[in-house]
Amino acid sequence: MAIAVYALLHRDAYATDLIRIVRYVLAPLGIAAALLAAGFWLERDGALMTGICALSLMIALFMFELLLTQRSFQGAAGLSGFVAGQGTPDAAFRQTMPPAYTLNQLNHALGIKTSENAILEGVPNATVLLCAAHGAPVSYVADQYGFRNPPMIYNDEIDLMILGDSFAEGICLPDGQDVVSRIRADRPGTMNTGSRGAGPQMEVAILRRWGPKFTPDQVVMMFFEGNDWQNMNLQATAPYLASAMEASLPAGRPEDVMTRHARSADVIDGWWEASVESADGFLARRAWVRNFLALQQTALVLGLHYPKASAPRPEYAQTLEIARDAVQGWGGELYVAYIPQVDRFVGLLPNAAAFDDLRGHVEKATKQLGVAFIDLTPAFEAHPQPRSLYAPDAHFSALGAQVAADHILKHLAH
């Protein structure tokens, strides 16, 4: 009954369509009604047996949830870097942000107000720690501009630019195994500007700063189904992103990378000190208690954990329009590559309908603006084992990066 009440109080997220109404309102109320009816109307022995069976089932579900939660921590902890008992990060990594932090957080900590002064790239030529896989670091060396590229790509023309978040950056994948490296194997002039935590608006800011310098023929904005729609909320609390949406305002000189990073060292040092923490500290920063009580992991395995409903966001089309106009300004073409989240592919019951409303919003925006839409969902669904395309941390596995790269390259060739 509490689940149903919560869903009705937050109906915009959990009671907007039939599938969510059934899952979060009708089904919980039906179970509650059945148990109440058993308690009031069955004979005493029958009611007692019903209660014992229901309680036993609930205990079993929570034990299963405990197992799944413990397994999920193994993947999630690696994305936070090293925790106590696994070793401390090497000093070589401390020039750049710890894995759990983003450029948006850095700009917020520094009080950056304008896109011109925003830090939209990493520290040039520094070693970047992506994650800790079983206690061993996975890292790369940033290029001369602070992005994940081999330095030799700038010896020739850049004809393809990739914008995106951690999927583009290649979280927890060594050089050569990430999706952009796979694309670059076929398109040597591919520049990766991906950065963990980036959303559509930050990608536009990056595009406005770096696109005119290289004027690539094709630009791909990767859109992640899991959080990019929610990332649109950042503009309200990040003034530099709001200014990036104003084409008349300066985007910042690409050459001033180190100048923009001049004030970041103290903030980054503080983050590193905080990141070397105990397992208790790691758990305290995650909403694991709430998720555990909601049996979230169990519902995910059953195919009954649906994302919040995705309301239309006109600001996404506006953001995409700014990106399209910027790319067309130098004669290039813009693409949007839609990345499905792993939750689509792990449940026993089919649940794609709960995710497709967001995909529809993104595809509609691209069609309205004449932007090419590259949907990775069908390619992943067609794979014999879609779950194998994702690592335990829910990002691409090496195989998933290859499948994604092949699908993107096929569309770019048309």
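Got a number for residues in the range 1-54 being hydrophobic (A, V, I, L, M, F, W, C), in a helix (DSSP H, G or I) and farther than 30 Å from ASP356 by Cα? Can you show your working first?
Narrowing the range 1-54 to residues hydrophobic (A, V, I, L, M, F, W, C): 1-5, 7-9, 13, 15, 18-19, 21-22, 25-27, 29, 31-38, 40-42, 47-49, 52-54.
Now narrow it down to the ones that are in a helix (DSSP H, G or I): 2-5, 7-9, 13, 18-19, 21-22, 25-27, 29, 31-38, 40-41, 47-49, 52-54.
Going one step further and asking which of them are farther than 30 Å from ASP356 by Cα, we end up with 33-38, 40-41, 47-49, 52-54.
Matching residues across the range 1-54 total 14.
Which ones in the range 112-128 are open to solvent by less than 40 Å² (accessible area, probe 1.4 Å) and closer than 21 Å to TYR240 by Cβ? ILE112, SER115, ALA118, ILE119, LEU120, GLU121, GLY122, VAL123, PRO124, listed by residue number. A single member of GLU363, GLU381, GLU333 is surrounded by fewer than 17 Cβ atoms within 10 Å (Cβ to Cβ) and within 22 Å of LEU304 (Cβ to Cβ), and it is GLU381. So for the range 49-59 (the condition being farther than 28 Å from LEU300 by Cβ and loosely packed, with under 14 Cβ neighbours inside 10 Å), does at least one residue qualify? Yes: the range 49-59 contains one or more residues that are farther than 28 Å from LEU300 by Cβ and loosely packed, with under 14 Cβ neighbours inside 10 Å. Each residue in the range 108-139 was checked for being touching a strand residue (DSSP E or B) at 6+ places or on another chain (Cβ under 8 Å) and under 13 Å from GLN95 (Cβ atoms), and 7 of them qualify. Taken over the range 257-273, the residue count meeting the criterion of being open to solvent by 50 Å² or more (accessible area, probe 1.4 Å) and either without any contact (Cβ under 8 Å) to a residue 60 or more places away in the chain or in a helix (DSSP H, G or I) (or both) is 7.
Collect the residues in the range 141-162 that are without any contact (Cβ under 8 Å) to a residue 60 or more places away in the chain and within 18 Å of MET222 (Cβ to Cβ), keeping them in residue-number order.
Looking only at the range 141-162, we keep the residues that are without any contact (Cβ under 8 Å) to a residue 60 or more places away in the chain, and these are 141-144, 147-159, 161.
Those that are without any contact (Cβ under 8 Å) to a residue 60 or more places away in the chain and within 18 Å of MET222 (Cβ to Cβ): PHE147, ARG148, ASN149, ILE158, ASP159, MET161.
In the range 306-329, the residues that are within 15 Å of GLN201 (Cβ to Cβ) form Cβ pairs under 7 Å with partners that are buried (at least 20 other Cβ atoms within 10 Å of the Cβ) and of a type in the set (Gly, Ala, Ser), at six or more places apart or across chains, as follows: TYR316/ALA365; ALA317/ALA365; LEU320/ALA365; ALA326/GLY211.
Which residue is modelled with the highest pLDDT, if the candidates are limited to the range 227-256 and must be buried (at least 18 other Cβ atoms within 10 Å of the Cβ) and of a type in the set (Ser, Thr, Tyr)? Checked the range 227-256; the qualifying residue modelled with the highest pLDDT is TYR240.
When the range 285-315 is examined, which residues are found to be open to solvent by less than 70 Å² (accessible area, probe 1.4 Å), more than 20 Å from VAL346 (Cα to Cα) and not charged (D, E, K, R)? Within the range 285-315, ALA287, SER310, ALA311 meet the criteria. Considering ASN351, ASN291, the condition of being under 21 Å from the mean Cα position of the chain (by Cα), at pLDDT below 95 and over 20 Å from ARG71 (Cα atoms) is satisfied by ASN351 alone. Criterion applied to ASP343, ASP393 was being among the acidic types (Asp, Glu), part of a helix (DSSP H, G or I), in contact with a Leu (Cβ under 8 Å, 6 or more places away or on another chain) and surrounded by 14 or more Cβ atoms within 10 Å (Cβ to Cβ), and the one residue passing it is ASP343.
Return yes when VAL5 is modelled with pLDDT under 95, β-branched (Val, Ile, Thr) and exposed (fewer than 13 other Cβ atoms within 10 Å of the Cβ) and no when it is not. Criteria met by VAL5. Counting residues in the range 215-226 that are open to solvent by 40 Å² or more (accessible area, probe 1.4 Å) and under 19 Å from HIS411 (Cβ atoms) gives one or more.
Working only within the range 346-370, note down all residues that are touching a helix residue (DSSP H, G or I) at 6+ places or on another chain (Cβ under 8 Å) and assigned to a helix (DSSP H, G or I). Before you say what the answer is, go through the steps one by one.
Step one: of the range 346-370, the residues touching a helix residue (DSSP H, G or I) at 6+ places or on another chain (Cβ under 8 Å) are 346-349, 351-355, 358-359, 361-362, 365-366, 368-370.
Across the range 346-370, the qualifying residues are ALA352, ALA353, ALA354, LEU358, ARG359, HIS361, VAL362, ALA365, THR366, GLN368, LEU369.
The values are calculated or read from the model by the stated rules, or taken from the named source; none is laboratory data. Please read all numbers here as calculations on a predicted model, not as lab measurements. Cβ: placed from backbone, ideal geometry, glycine included. Neighbour counts: every protein chain shown. Note: accessible area is taken over every heavy atom of the protein model, side chains too, but ligands, DNA and RNA are not part of it. Shrake-Rupley method; radii C 1.70, N 1.55, O 1.52, S 1.80 Å.
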